[in-house]
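*Asks:* Handing you a structure now.
The values are calculated or read from the model by the stated rules, or taken from the named source; none is laboratory data. What you are looking at is a predicted structure, and each value in this text was computed from that prediction instead of being measured. For neighbour counting, all protein chains shown are included, and Cβ atoms are generated from backbone atoms with ideal geometry for every residue, glycine included.
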Ligand SMILES: [Zn+2]
């Protein structure tokens, strides 16, 4: 638990808070949903919702499934088309639907493309459709008895499902930047879980079969979007009651002074949200388990006990190394448009040997953190 807490403070605490207060150019990609720790915890806990025919397999690979929950975020800056898979700005479509587009947009991808064009959909995010696409791919992997693909796609669908459950990933105002609430993304997804998520109740019951996966993915977006108003409104209301010196505090972390939301302000916000972060985490865990189970059923319920072998992890390790090499090559050929500071970060992650993703990402983010600290320092007079 101590080790977990350490990772928690690092990934969920330090980094996102630094990110939250960085001054970013307006074209910067969106921050990743959930802190890394939360993504890992969601995948890990989803394993325990599974029936006996599946749980042995998923427990056998639980470290892989946990560590690789964050892979999709790691390639956001390297793989073309990755970023929009993590969010959907449903409110940008409101004016076309006489308000509340989230209830009215086409659920089916083809219908949505017909109505809005693919370019527009990609520009404002595709998470509910991408979950359905991942569901199709994972089902196929079960059908074909492809253990490494089952592992990879299980870890990754867990990531996208968790993202779809984050209120601030359903809006154009994803970091409060349009309402003078900049930093709220990291506040909700990282600072609050940092302070409170150890006390959440994560018992969500057994995984159930999903009859309509595409609708279910959309329902997650609807639920998240319905919670958005409270997120923004409560923070705004509390800001009126807290002077700036009470709202923020300076934390010394790793030798650097970082401005972050004070514990008092965080508690007031968390109290007002009345379990919202916990509900979104619980919903994510349940939904991940439900999707894994549904894919296995639709894939013909293969006997997973025949796929318990560490060689699959080794195969996956090799694939990941190859993938990173390809990213590096693509980047060198300048096929992908990456801004200079992102390219530097990408270079770092490509250089990392695979020592288990946790180590690799820890090193990557140590570097990232230093970059951000330097950037913070240069902002101070
Ligand atoms: Zn993400």
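*Asks:* Quick one: is residue 205 modelled with pLDDT of 95 or more, at positive phi and touching a helix residue (DSSP H, G or I) at 6+ places or on another chain (Cβ under 9 Å)? Show your work before the answer.
*Replies:* Details: modelled with pLDDT of 95 or more: yes; at positive phi: yes; touching a helix residue (DSSP H, G or I) at 6+ places or on another chain (Cβ under 9 Å): yes.
Considered against the rule, which asks whether it is modelled with pLDDT of 95 or more, at positive phi and touching a helix residue (DSSP H, G or I) at 6+ places or on another chain (Cβ under 9 Å), residue 205 comes out as yes.
*Asks:* Within the range 356-368, is there a residue that is within 25 Å of residue 83 (Cβ to Cβ), crowded, with 17+ Cβ neighbours inside 10 Å and either touching a strand residue (DSSP E or B) at 6+ places or on another chain (Cβ under 8 Å) or modelled with pLDDT of 70 or more (or both)?
*Replies:* No: the range 356-368 contains no residue that is within 25 Å of residue 83 (Cβ to Cβ), crowded, with 17+ Cβ neighbours inside 10 Å and either touching a strand residue (DSSP E or B) at 6+ places or on another chain (Cβ under 8 Å) or modelled with pLDDT of 70 or more (or both).
*Asks:* Kindly indicate whether any position in the range 187-194 is within 19 Å of residue 102 (Cβ to Cβ), out of contact with any strand residue (DSSP E or B) (no Cβ under 8 Å at 6 or more places or on another chain) and either in a helix (DSSP H, G or I) or away from the ligand (no atom under 16 Å from the Cβ) (or both).
*Replies:* Kept after step one, since they are within 19 Å of residue 102 (Cβ to Cβ), are these residues of the range 187-194: 188.
This time we only want the ones that are out of contact with any strand residue (DSSP E or B) (no Cβ under 8 Å at 6 or more places or on another chain), so: 188.
Narrowing further to those that are either in a helix (DSSP H, G or I) or away from the ligand (no atom under 16 Å from the Cβ) (or both): 188.
For the range 187-194, residues within 19 Å of residue 102 (Cβ to Cβ), out of contact with any strand residue (DSSP E or B) (no Cβ under 8 Å at 6 or more places or on another chain) and either in a helix (DSSP H, G or I) or away from the ligand (no atom under 16 Å from the Cβ) (or both): present.
*Asks:* Quick test for you: out of 289, 300, pick the one residue that is outside any helix (DSSP H, G or I) and out of contact with any strand residue (DSSP E or B) (no Cβ under 9 Å at 6 or more places or on another chain). Quick ask: steps written out before the conclusion?
*Replies:* Working: 289 fails: outside any helix (DSSP H, G or I).
Going through 289, 300 in turn, the sole match is 300.
*Asks:* Continuing with the same structure: Looking at (1) modelled with pLDDT under 90; (2) within 16 Å of the ligand (Cβ to nearest atom); (3) part of a loop (DSSP other than H, G, I, E, B), which one does residue 37 not meet, given that it meets all the others?
*Replies:* Against the list (1) modelled with pLDDT under 90; (2) within 16 Å of the ligand (Cβ to nearest atom); (3) part of a loop (DSSP other than H, G, I, E, B), residue 37 comes up short only on (3).
*Asks:* Among the candidates 35, 81, which residue alone is surrounded by 22 or more Cβ atoms within 10 Å (Cβ to Cβ) and either under 21 Å from residue 165 (Cα atoms) or touching a strand residue (DSSP E or B) at 6+ places or on another chain (Cβ under 6 Å) (or both)?
*Replies:* Exactly one of 35, 81 is surrounded by 22 or more Cβ atoms within 10 Å (Cβ to Cβ) and either under 21 Å from residue 165 (Cα atoms) or touching a strand residue (DSSP E or B) at 6+ places or on another chain (Cβ under 6 Å) (or both), namely 35.
*Asks:* Pick out the one residue from 145, 137, 107 that is touching a helix residue (DSSP H, G or I) at 6+ places or on another chain (Cβ under 8 Å), modelled with pLDDT of 95 or more, over 30 Å from residue 233 (Cα atoms) and not in a helix (DSSP H, G or I).
*Replies:* On the way: 137 fails: not in a helix (DSSP H, G or I); 107 fails: over 30 Å from residue 233 (Cα atoms).
Testing whether each residue is touching a helix residue (DSSP H, G or I) at 6+ places or on another chain (Cβ under 8 Å), modelled with pLDDT of 95 or more, over 30 Å from residue 233 (Cα atoms) and not in a helix (DSSP H, G or I) leaves just 145.
*Asks:* Follow-up question, since we're still on this one. Out of the residues in the range 48-59 that are part of a helix (DSSP H, G or I) and surrounded by fewer than 19 Cβ atoms within 10 Å (Cβ to Cβ), which is nearest to the ligand (Cβ to nearest atom)?
*Replies:* The initial filter retains those residues of the range 48-59 that are part of a helix (DSSP H, G or I), namely 48-49, 52-59.
From what's left, surrounded by fewer than 19 Cβ atoms within 10 Å (Cβ to Cβ): 48, 52-53, 55-56, 59.
Working: 48: 23, 52: 31, 53: 30, 55: 26, 56: 29, 59: 25 Å.
Going through the qualifying residues, I end up with 48.
*Asks:* Out of (1) in contact with a helix residue (DSSP H, G or I) (Cβ under 7 Å, 6 or more places away or on another chain); (2) at pLDDT 95 or above, the odd one out for residue 64 is which?
*Replies:* (2)
*Asks:* If I ask for residues that are within 18 Å of residue 84 (Cβ to Cβ), within 16 Å of the ligand (Cβ to nearest atom) and surrounded by fewer than 24 Cβ atoms within 10 Å (Cβ to Cβ), which ones from the range 131-159 would you list?
*Replies:* 133, 156
*Asks:* Could you check, for the range 224-234, whether at least one of its residues is crowded, with 24+ Cβ neighbours inside 10 Å and within 16 Å of the ligand (Cβ to nearest atom)? Spell out the reasoning first.
*Replies:* In the first step, residues of the range 224-234 are kept if they are crowded, with 24+ Cβ neighbours inside 10 Å; the result is 224, 231.
If we keep only those that are within 16 Å of the ligand (Cβ to nearest atom) as well, we get 224.
Among the residues of the range 224-234, at least one is crowded, with 24+ Cβ neighbours inside 10 Å and within 16 Å of the ligand (Cβ to nearest atom), which makes the answer yes.
*Asks:* Among the candidates 330, 306, 334, 318, single out the residue that is assigned to a loop (DSSP other than H, G, I, E, B), surrounded by fewer than 18 Cβ atoms within 10 Å (Cβ to Cβ) and at pLDDT 50 or above. I'd like the intermediate steps shown before the answer.
*Replies:* Numbers: 330 fails: assigned to a loop (DSSP other than H, G, I, E, B); 306 fails: assigned to a loop (DSSP other than H, G, I, E, B); 318 fails: assigned to a loop (DSSP other than H, G, I, E, B).
Checking each option against the conditions leaves just 334.
*Asks:* Sticking with this one: Residues of the range 77-92 being part of a loop (DSSP other than H, G, I, E, B), under 15 Å from residue 170 (Cβ atoms) and within 13 Å of the ligand (Cβ to nearest atom), which ones?
*Replies:* Step one: of the range 77-92, the residues part of a loop (DSSP other than H, G, I, E, B) are 77-82, 87-89.
Subset that is under 15 Å from residue 170 (Cβ atoms): 87-89.
Matches in the range 77-92: 87, 88.
*Asks:* Inspect all residues belonging to the range 168-181 and state whether any of them is crowded, with 24+ Cβ neighbours inside 10 Å, assigned to a helix (DSSP H, G or I) and more than 14 Å from the ligand (Cβ to nearest atom).
*Replies:* No, the range 168-181 contains no residue that is crowded, with 24+ Cβ neighbours inside 10 Å, assigned to a helix (DSSP H, G or I) and more than 14 Å from the ligand (Cβ to nearest atom).
*Asks:* Tell me, yes or no, whether the range 4-21 has at least one residue that is more than 16 Å from the ligand (Cβ to nearest atom), part of a helix (DSSP H, G or I) and at pLDDT 95 or above.
*Replies:* Checked against the condition, which is being more than 16 Å from the ligand (Cβ to nearest atom), part of a helix (DSSP H, G or I) and at pLDDT 95 or above, the range 4-21 yields no hits at all.
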